[in-house]
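Chemist: Before we start, here is the structure in question, set down as structure tokens.
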Amino acid sequence: MNIELDLKDQAWAAAAVETVRRIATDFREEIRACERNGRFPAEAFAEMGQQGLIGVITPVEFGGYGGDAPEYCLTTEAMARYNLVSSQIQIQGQRWLVDWGTPEQKARYLPGLISGSLIFSESISERTAASSLKALKSTARRDGGDWIINGEKIHINLGKESHVTLVYAMAEEGLTAFLVDTDLAGVRRAHSNPLGGRLLPTADMEFDNVRIPASAVLGEPGQGLATFLSTFNVSRLGNASELLGAAQRALSDATDYARERQVGTNRVTDFQGIQWLIADGYSQLYAASLVRDRAANLVAAGKEHAFEASLAKKVAIEAAEKVINDVFSLVGGHGLYHDQPYGQILFDIKTLRVGGGSLEVLRNYVSQQILRSDVLKGLK
Ligand SMILES: Cc1cc2nc3c(=O)[nH]c(=O)nc-3n(C[C@H](O)[C@H](O)[C@H](O)COP(=O)(O)OP(=O)(O)OC[C@H]3O[C@@H](n4cnc5c(N)ncnc54)[C@H](O)[C@@H]3O)c2cc1C
């Protein structure tokens with residue numbers, strides 16, 4: 001629901017959404033099979049790359065479209081709305097490289113990340129640490145001019161499919177990010193079987209004395225937290241957009257069904273209780289879209305946006321959870337089957353609720369900002 005995104009070019013935006021819809025339609029059966037089997041739809045993703053949908057916010061000088069957060073939100077939401085695989089992680093990888101990469105790292109990885117021929121993953125979470133980066137146990141030690149990485153990561157989207165993964169590990173200098181090619185000796189990975197986000201299969205990853213050159217450090221040794229924080233506000237807007245797109249799909253499909261479904265002499269949508277659910281769900285998605293749009297516009301204008309980005313993801317989670325909870329009242333028993341989309345959307349929304357800043361973490365941050373600043377004065 002793009003209401004107020006400051007897009008650079010409306011014609012480009014309309015064409016991009018139409019291309020997402022077209023690819024989702026062309027690959028519908030393949031996407032469904034991938035979702036059932038927890039498989040990455042590589043062909044659809046390659047087509048998205050061909051059509052310029054993966055490099056939307058990477059600058060033109062590196063081969064991208066050169067958009068900003070509004071274009072990113074628009075396309076990411078459309079991918080969720082039409083149930084195409086998300087490019088969110090791949091875009092996150094490009095942003096890390098554009099902001100922190102050396103010229104050699106950019107030249108090596110960006111073209112493939114933009115075209116989709118090179119798959120990216122981010123290896124942060126561990127069995128005993130995810131919400132708390134300080135508790136990560138993976139290590140990086142120097143050996144001559146190289147680094148040796150050891151550790152285990154879990155829940156890594158595209159861990160098994162990726163050609164390069166950004167590993168966060170503790171070095172003597174502190175938390176450090178490393179670009180690790182996944183074909184190196186000592187990298188082991190095995191699929192896990194998540195309930196949500198099944199088009200981006202997760203993997204458990206093991207890094208067993210993996211030797212990488214000094215040139216694989218992203219930023220400087222000890223700058224891990226800075227590299228992490230630099231991209232996470234915008235990635236929260238990507239998550240918010242995925243939540244909004246997924247919930248719109250659920251509400252739209254369920255309303256279409258309820259409009260036709262006969263219950264005695266009525267259609268389901270004749271009941272006022274059902275009409276109110278549709279009104280409430282739509283209102284929450286509309287309001288959450290406005291918050292997301294404002295945050296994206298602040299990013300594009302180069303203004304402070306940390307508070308608004310967290311607020312955007314928080315209200316998107318709340319809106320999406322409300323909608324996916326209520327659509328089961330619209331679709332009744334018909335919706336409670338695997339060949340219907342609602343169960344999968346429910347798990348997708350629950351997954352987006354946890355990763356990249358959980359609802360609890362966002363509530364902590366938003367309340368802290370309110371208590372520390374004059375935000376509430378505007379309400380007096
Ligand atoms: C399908 C899936 C895909 C994922 N993909 C990736 C990936 O690609 N790369 C990657 O590195 N990680 C990935 N993750 C991991 C994800 O980022 C973590 O699950 C998330 O950071 C939360 O960590 P945790 O699950 O260990 O929860 P914990 O840190 O154990 O937290 C448990 C609960 O406590 C809550 N909590 C935590 N801190 C507070 C607090 N201060 N106050 C109140 N409540 C709190 C959390 O919100 C959560 O609900 C993925 C996870 C899933 C399920």
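Chemist: How do 354, 210 rank by accessible surface area computed with a 1.4 Å probe, from largest to smallest?
Modeler: Ranking 354, 210 by accessible area, largest first, yields 354, 210.
Chemist: Can you give me the Cα centroid spacing of the stretch 222-282 and the stretch 303-380 in angstrom?
Modeler: 10
Chemist: Is the shape of the stretch 121-207 rounded, prolate or oblate, going by the alpha carbon gyration tensor and its root eigenvalues a ≥ b ≥ c, with a/c under 1.5 for rounded and a/b larger than b/c for prolate?
Modeler: oblate
Chemist: Let me ask something else. What chymotrypsin sites (Phe, Trp or Tyr not before Pro) in the stretch 285-365 are in a loop by DSSP, with at most 16 other Cβ atoms within 10 Å of the Cβ? Before the final figure, lay out the partial values.
Modeler: On the way: sites: 286, 307, 328, 337, 342, 347, 365; in loops: 337.
Taking the stretch 285-365 and a limit of 16 other Cβ atoms within 10 Å, the loop chymotrypsin sites (Phe, Trp or Tyr not before Pro) found are 337.
Chemist: Here is a follow-up. Between 346, 195, 110, which gets the highest mean-square fluctuation from a Gaussian network model of the chain, Cα cutoff 10 Å?
Modeler: 195
Chemist: Compute the acute angle (0 to 90°) between the alpha-carbon long axis of helix 272-300 and the principal axis of greatest extent of the alpha-carbon atoms of the chain; round to the nearest 10°.
Modeler: Between the helix axis and the principal axis of the chain, the angle is about 30 degrees.
Chemist: Turning to a different aspect of this structure: Where the centre of each part is set by its Cα atoms, how far does the stretch 49-122 sit from the stretch 134-196, in angstrom?
Modeler: If we compute the Cα centre of each part, the gap is 21 Å.
Chemist: Kindly express, to the nearest 10 degrees and within the range 0 to 90, the angle between helix 224-260's C-alpha long axis and the longest C-alpha principal axis of the chain.
Modeler: Relative to the chain, helix 224-260 is tipped by roughly 20 degrees.
Chemist: So, one more: Pairwise over distinct Cα atoms, reciprocal of the mean inverse distance: report the Kirkwood radius of the stretch 297-344 in Å, one decimal place.
Modeler: One decimal place: 13.1 Å for the Kirkwood radius.
Chemist: If you don't mind, there's one more thing I want to ask. Mind pulling the angle between the C-alpha long axis of helix 342-354 and the longest principal axis of the chain? Nearest 10 degrees, somewhere in 0 to 90.
Modeler: In the chain, helix 342-354 runs at an angle near 40 degrees to the longest axis.
Chemist: Residues with beta-carbon under 15 Å from that of residue 129, excluding residue 129: net charge, scoring Lys, Arg +1 and Asp, Glu -1?
Modeler: 0
Chemist: Let me ask something else. Work out from phi, with θ = phi - 60° and the Karplus expression 6.51 cos²θ - 1.76 cosθ + 1.60, the ³J(HN,Hα) of each residue of the stretch 207-214, listed in order in whole Hz, and give x for Gly and Pro.
Modeler: 10, 10, 6, 7, 8, 10, x, 4
Chemist: Remind me, relative contact order of the chain in percent, using alpha carbon pairs under 8 angstrom and six or more residues apart?
Modeler: Relative contact order here is 16 percent.
Chemist: Quick one: ranking 153, 314, 134 by accessible area, 1.4 Å probe, largest first, what do you get? Show your work: numbers first, answer last.
Modeler: On the way: 153 0, 314 40, 134 180 Å².
I get 134, 314, 153, largest accessible area first.
Chemist: Further, regarding this structure: Among rounded, prolate and oblate, which fits the stretch 6-141 when a ≥ b ≥ c are the square roots of the eigenvalues of its C-alpha gyration tensor, a/c under 1.5 means rounded, and a/b larger than b/c means prolate?
Modeler: oblate
Chemist: Could I ask something else about it? Where does each of 6, 339, 326 land when they are ordered by accessible area, with a 1.4 Å probe and the largest first?
Modeler: 339, 6, 326
Chemist: Would you compute the Debye intensity of the chain from its alpha-carbon atoms alone, equal scatterers and no solvent, and pass along log10 I(q)/I(0) at q = 0.07, 0.08, 0.15 Å⁻¹ to two decimals?
Modeler: Debye intensities relative to I(0), on a log10 scale: -0.32, -0.41, -1.40.
The values are calculated or read from the model by the stated rules, or taken from the named source; none is laboratory data. Computed from a prediction, not measured in an experiment: that's the story for all the values here. FYI the Cβ positions are ideal-geometry reconstructions off the backbone, even for glycines, and counts take in every protein chain you see. Heavy atoms of the whole protein, side chains included, go into the accessibility calculation; ligands, DNA and RNA do not. Shrake-Rupley method; radii C 1.70, N 1.55, O 1.52, S 1.80 Å.
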